[in-house]
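Notes for the one structure printed next.
What follows is calculated from the coordinates using simple rules that are stated; it is not laboratory data. Because the structure is predicted, anything quoted here is derived from the model rather than measured. Heads up, the Cβs are rebuilt from the backbone with ideal geometry, glycines too, and the neighbour counts pull from every protein chain shown.
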Amino acid sequence: MKINITAKNITLDAPLRVFTEQKIGSLERFIQKGPVSASVEIGKPSLRHRSGPVFYAEVNLKVGGALLRGEATHKDLRTAIDEARDELHLQIKKLKEKKKDLSRKPSK
């Protein structure tokens with residue numbers, strides 16, 4: 001899986017890059033076939049934002065011809081990344097069920 005990570009209004013240090021690659025890379029085991037690439041954007045909405053869900057994580061996952069998107073905001077950046085990964089995991093499950101249901105349809 002190819003993972004492209006960009007940071008907005010924060011510095012992307014090595015431990016944060018490794019954490020993000022591990023969490024988003026773990027989704028690859030749920031995908032059966034096809035080329036997979038992920039575009040991850042993490043950061044703060046603005047430099048002056050101080051209260052509420054300060055950090056956000058957006059992940060665009062291209063699986064074959066499908067585009068799956070997960071978003072999350074939280075006070076902690078690592079938790080936001082986890083929530084975005086969990087949202088993508090649910091979307092991958094739905095995509096797999098949809099493909100399985102389409103294959104069960106009788107042909108005319």
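One table, with the values for the structure above:
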quantity: Spatial separation of Cα centroids for region 82-97 and region 3-22, in angstrom; calculated: 21
quantity: Folded to 0 to 90 degrees: helix 77-104 orientation relative to the chain principal axis, Cα; calculated: 10
quantity: Peptides ranked, highest mean first, by Cβ atoms within 10 Å: ranges 6-15, 76-85; calculated: 76-85, 6-15
quantity: Length-normalised contact order of the chain in % [C-alpha pairs under 8 Å, at least 6 apart]; calculated: 23
quantity: Gain on full stretching of the segment that runs from GLN32 to ASN9 - 0.36 nm per residue minus C-alpha separation; calculated: 4.8 nm
